[in-house]
Every structure is written in C-alpha cells, then in structure tokens.
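The values are calculated or read from the model by the stated rules, or taken from the named source; none is laboratory data. Values in this document were obtained by computation on a predicted structure and should not be read as measured data. Neighbour counts run over all protein chains shown; Cβ positions are idealised from the backbone, glycine included.
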C-alpha cells in the first residue's frame, strides 16, 4: 500500500521513513531520493534562482503518480513505497519531492527509487517556474536527458 | 460541450485557465481541436504556435493527436512536464 501525497507543506524525511517501516521486520533496505530547490547556474555571472513555483493539474496528479507507483510494484517486489511531491512556491534549499521504496533487498529498493523519480519527472503533470535575482522569471524547459533517463526503464 | 484546461505557459498565453466549447463535429480529434483553438485569437495562436511543445490529456489521461473527443470530455493542454 503506497503513500502518495501532493501538498504545499514540507515533509519530514525521518517521520516518513518511520511511517513506512512501522511494525515491520521484513524490510531489508529502503531507497530514498530527495529533490531540493537549487540556485546554482552554469555561468558565474548569470542571475541566480531566488524561488521556484510548482504548478500541477490537481485532478490528474495523484492518479498519474499512482500509475507510476503501480508500474514500480509490478517490476519489483516492494514492501512499501512513499511519494510526496510539493506544489506552490519554494526557496532554494527547500525540499520538492521525496521518494522512498522499501524491499527485502537493496537492489530492488535502489532500482525502484531511481525508476520512480525518473518517471515522475517525465510522466506526472507538474511544471516548474523559476524566479531570478534580476527579477525575471521563466518556465523550466523539459530536458532531453530526463526523457533519456525515463526511456532506459523501457 | 467539452471543458478545456490550460496549464503553465499555455494558461499565460491564452489568458485562461479554463473554457468550455461545443464540439463542432462528433469525430473531432485532439489535433482538430488544436487547429480550431489556434484560430480563436492572438493569445490562443501564440499558445498553440509550436505544436511539438504541447502535451494533451483527455479525462486526466495522456492523449495523442488522433484521440477522438466526446461530449463531456475534460481536455487539458500543457507543456512537457518538469516536476520531480
């Protein structure tokens, strides 16, 4: 039974792991990915990100995440799974997304975690808008590298 | 009638988050709807200018250009997703 949550509120990674493992002794490993807002840019003199806003399609989001989780559960024997994705405006350093995948063995836990975040990035209806120190703002463009990362799980 | 939703820069360019439309013919596809919407004014024309950068969902499921629309459908247009 997966825990899927889309929320403006931040999450507590320790509390989420505790919730995932409560009362269980059959879990051998937990994969964990935390996505955070970063302000770094490639060029030294380029404007820096001051805030990130996540927009989503509320009626579709949890259903789309649920389908991705089901696919992970079909591919690996998972003993628990948590996906939390924040929406709204966030500052650099803040958490955006949490993926936890628990299994009896590390390989399934690690692979399922990587799969979940790769597919979340390309198959769940979220859009990022960045604000910069110079006052400008722009929608983040989808990256071909993200499509390639999702494609390797075909 | 169908309900049309816009997200991210499609919402900004059309100036709408939602609109409703009477389906002009029963066999209309997503591609046909895009062609129709692109002619609705300069904002819509700008939003649908580069169709390769537009994704679509019908009733909250990803849809193709040849997906056929039916009365009562919720059709959403948005850019390629960038979450995670």
Name the residue that is modelled with the lowest pLDDT, counting only residues in the stretch B:30-84 that are assigned to a loop (DSSP other than H, G, I, E, B) and within 11 Å of another protein chain (Cβ to nearest Cβ). B:84
Just name the residue that is surrounded by the fewest Cβ atoms within 10 Å (Cβ to Cβ) out of those in the stretch A:120-135 that are outside any strand (DSSP E or B), touching a strand residue (DSSP E or B) at 6+ places or on another chain (Cβ under 8 Å) and within 14 Å of chain B (Cβ to nearest Cβ). A:123
Among the residues of the stretch A:41-68 satisfying the criterion of being in contact with a strand residue (DSSP E or B) (Cβ under 8 Å, 6 or more places away or on another chain) and assigned to a loop (DSSP other than H, G, I, E, B), which is farthest from residue A:133 (Cα to Cα)? A:57
Report whether or not residue A:84 is more than 10 Å from chain B (Cβ to nearest Cβ), in contact with a helix residue (DSSP H, G or I) (Cβ under 6 Å, 6 or more places away or on another chain), closer than 26 Å to residue A:110 by Cβ and not in a loop (DSSP other than H, G, I, E, B). no
With the requirement that a residue be assigned to a helix (DSSP H, G or I) and either facing another protein chain (nearest Cβ under 8 Å) or touching a helix residue (DSSP H, G or I) at 6+ places or on another chain (Cβ under 9 Å) (or both), what does the stretch A:136-153 give you? A:146, A:147, A:149, A:150, A:151
Could you list, in sequence order, all residues of the stretch A:34-59 that are within 14 Å of chain B (Cβ to nearest Cβ), more than 20 Å from residue A:94 (Cβ to Cβ) and surrounded by fewer than 19 Cβ atoms within 10 Å (Cβ to Cβ)? A:58, A:59
Would the stretch A:88-98 turn up any residue that is crowded, with 19+ Cβ neighbours inside 10 Å, more than 30 Å from residue A:23 (Cα to Cα) and more than 11 Å from every other protein chain (Cβ to nearest Cβ)? yes
Kindly evaluate residue A:62 against the criterion of being without any contact (Cβ under 8 Å) to a residue 24 or more places away in the chain and more than 9 Å from chain B (Cβ to nearest Cβ). no
